[in-house]
1. If I ask for residues that are without any contact (Cβ under 8 Å) to a residue 24 or more places away in the chain and either part of a loop (DSSP other than H, G, I, E, B) or touching a helix residue (DSSP H, G or I) at 6+ places or on another chain (Cβ under 7 Å) (or both), which ones from the range 59-85 would you list?
2. Just checking, how many residues over the range 124-153 are loosely packed, with under 11 Cβ neighbours inside 10 Å and part of a loop (DSSP other than H, G, I, E, B)?
3. Counting only residues that are within 12 Å of residue 22 (Cβ to Cβ) and under 13 Å from the mean Cα position of the chain (by Cα), which one in the range 53-79 is surrounded by the fewest Cβ atoms within 10 Å (Cβ to Cβ)?
4. Just give me the residues in the range 23-52 being closer than 16 Å to residue 75 by Cα and crowded, with 20+ Cβ neighbours inside 10 Å, in sequence order.
5. Would you mind stating whether residue 31 is at pLDDT 95 or above and farther than 27 Å from residue 131 by Cα?
6. With the condition kept exactly as written, say whether any residue in the range 86-96 is over 19 Å from residue 132 (Cα atoms), at pLDDT 95 or above, outside any helix (DSSP H, G or I) and more than 15 Å from the chain's Cα centre (by Cα).
7. Yes or no: residue 37 more than 20 Å from residue 130 (Cα to Cα), over 14 Å from the mean Cα position of the chain (by Cα) and assigned to a loop (DSSP other than H, G, I, E, B)?
């Protein structure tokens, strides 16, 4: 009830800037994962030097990371993706239908998406997080989501950087 009251007061008018291709992929991924009971946040920092495109928290507490790649150049320039593996139970790439998927490592998950939807083509292997790491990630997820909501509610408030 309280959240509904807050959300009724939040200005959700669309942003005026045009979303980038990777952001459109992330939107489609988040929509698809929501249909499976996941909640998602975009551009979350699991640790210094890393920023994941999408982090998803599942109905049973599972933590997934999805990296969105809009082109061959976007993929080949990403030298940090393997550092994401230790921060999630499963790792996925999200690409559009025209992406050369043979470039992607076979031992990772694959989601084909566009701005409106997605589909899991290959499930990423499960590597369960240690309980202490899971607690840290769920707390980061909650903090990030709450901060985003607060920024919607009060866009003029100066927030400290992470």
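The values are calculated or read from the model by the stated rules, or taken from the named source; none is laboratory data. Predicted, not measured: the structure shown is a model, and the values here were computed from it. FYI the Cβ positions are ideal-geometry reconstructions off the backbone, even for glycines, and counts take in every protein chain you see.
1. If the condition is that a residue be without any contact (Cβ under 8 Å) to a residue 24 or more places away in the chain and either part of a loop (DSSP other than H, G, I, E, B) or touching a helix residue (DSSP H, G or I) at 6+ places or on another chain (Cβ under 7 Å) (or both), then 59, 60, 77, 78, 79 are the ones that fit.
2. Residues in the range 124-153 being loosely packed, with under 11 Cβ neighbours inside 10 Å and part of a loop (DSSP other than H, G, I, E, B): 1 in total.
3. Looking at residues that are within 12 Å of residue 22 (Cβ to Cβ) and under 13 Å from the mean Cα position of the chain (by Cα), I get 53.
4. Selection gives 25, 26, 52.
5. Details: at pLDDT 95 or above: yes; farther than 27 Å from residue 131 by Cα: yes.
Judged against the criteria, residue 31 is a match.
6. The answer is yes; a qualifying residue exists.
7. Values: more than 20 Å from residue 130 (Cα to Cα): yes; over 14 Å from the mean Cα position of the chain (by Cα): yes; assigned to a loop (DSSP other than H, G, I, E, B): yes.
Yes; evaluated as a whole, the condition is true for this residue.
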